[in-house]
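This report refers to the structure that appears directly beneath it.
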Amino acid sequence: MNPRIAERQRDTLETRIRVAINLDGSGKAKLNTGLPFLDHMLHQIARHGLIDLEVEAEGDLHIDAHHTVEDIGISLGLALRDALGDKAGILRYGHAYVPLDEALSRVVVDFSGRPGLEYHVEFPRAQVGGFDVDLFYEFFQGLVNHAQMTLHIDCLRGRNAHHIIETVFKALGRALRMALERDPRAADAIPSTKGCL
């Protein structure tokens, strides 16, 4: 089996991002985005998705975190797409419900080749750990546009903003783990009647 690994470097006038990914990893993460709360969330993807993930980022954080967060989403999406290749033999679809105390979120993914985001998450406050929660939408939009995946995110309930977003990222990790799993019954098959994704 070919290793499903990729590395992407994205340099702009606003950010310098490097992402390395191994889809068949053990959940190891090496994260240095300059945004500790985002590092904590990316670690959830790695751990619960059994994806080895490295992210190094330098951005114009003296302005705000918007460019850095969006460009990390873009870079992660590109690396994910590269590592998947033609998507032969994957399950393609994945879903997960994850609770954390009072919070419960559902994430559903489809490696359809078509970018699409449905994001239904409301937060009771504007910041968590000094992180602007509006930026999570920008992260996910960058991710889906460049991974060319469909992503549905729904927070079904929750009162604590930290709990809410942590359930989202844990559920994303679990949903990715399911969708990226190799299908032993269709090892070389593209999971689409079109013959391509």
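Look at ALA126 and say whether it is touching a strand residue (DSSP E or B) at 6+ places or on another chain (Cβ under 9 Å) and either without any contact (Cβ under 8 Å) to a residue 40 or more places away in the chain or surrounded by fewer than 16 Cβ atoms within 10 Å (Cβ to Cβ) (or both). Criteria met by ALA126. Yes or no: segment 55-62 includes at least one residue that is in contact (Cβ under 8 Å) with a residue 60 or more places away in the chain and not β-branched (Val, Ile, Thr). No - not one qualifying residue is present in segment 55-62. Selection within segment 23-45: residues that are of a type in the set (A, V, I, L, M) and touching a Ser or Thr at 6+ places or on another chain (Cβ under 9 Å). The member of this set that is nearest to LEU13 (Cα to Cα) is LEU35.
Go through the residues of segment 82-90 one by one and say whether even a single one is within 15 Å of the chain's Cα centre (by Cα) and either buried (at least 23 other Cβ atoms within 10 Å of the Cβ) or of a type in the set (Val, Ile, Thr) (or both). Scanning segment 82-90, I find no residue that is within 15 Å of the chain's Cα centre (by Cα) and either buried (at least 23 other Cβ atoms within 10 Å of the Cβ) or of a type in the set (Val, Ile, Thr) (or both), so the answer is no. Of ARG4, ARG8, ARG47, all but one fail to be among the charged types (D, E, K, R), touching a residue at least 60 places away in the same chain (Cβ under 8 Å) and touching a strand residue (DSSP E or B) at 6+ places or on another chain (Cβ under 6 Å); the exception is ARG8. For segment 77-85, does any single residue satisfy the condition of being without any contact (Cβ under 8 Å) to a residue 60 or more places away in the chain and under 25 Å from ARG8 (Cβ atoms)? No, the conditions are met nowhere in segment 77-85. Would segment 18-39 turn up any residue that is touching a strand residue (DSSP E or B) at 6+ places or on another chain (Cβ under 8 Å), closer than 20 Å to LEU117 by Cα and buried (at least 16 other Cβ atoms within 10 Å of the Cβ)? Yes, segment 18-39 contains at least one residue that is touching a strand residue (DSSP E or B) at 6+ places or on another chain (Cβ under 8 Å), closer than 20 Å to LEU117 by Cα and buried (at least 16 other Cβ atoms within 10 Å of the Cβ).
Read the figures in this text as sums done on the coordinates, not as results from a lab. Here the structure is a predicted model, which is why all the values come from computation and not from measurement. FYI the Cβ positions are ideal-geometry reconstructions off the backbone, even for glycines, and counts take in every protein chain you see.
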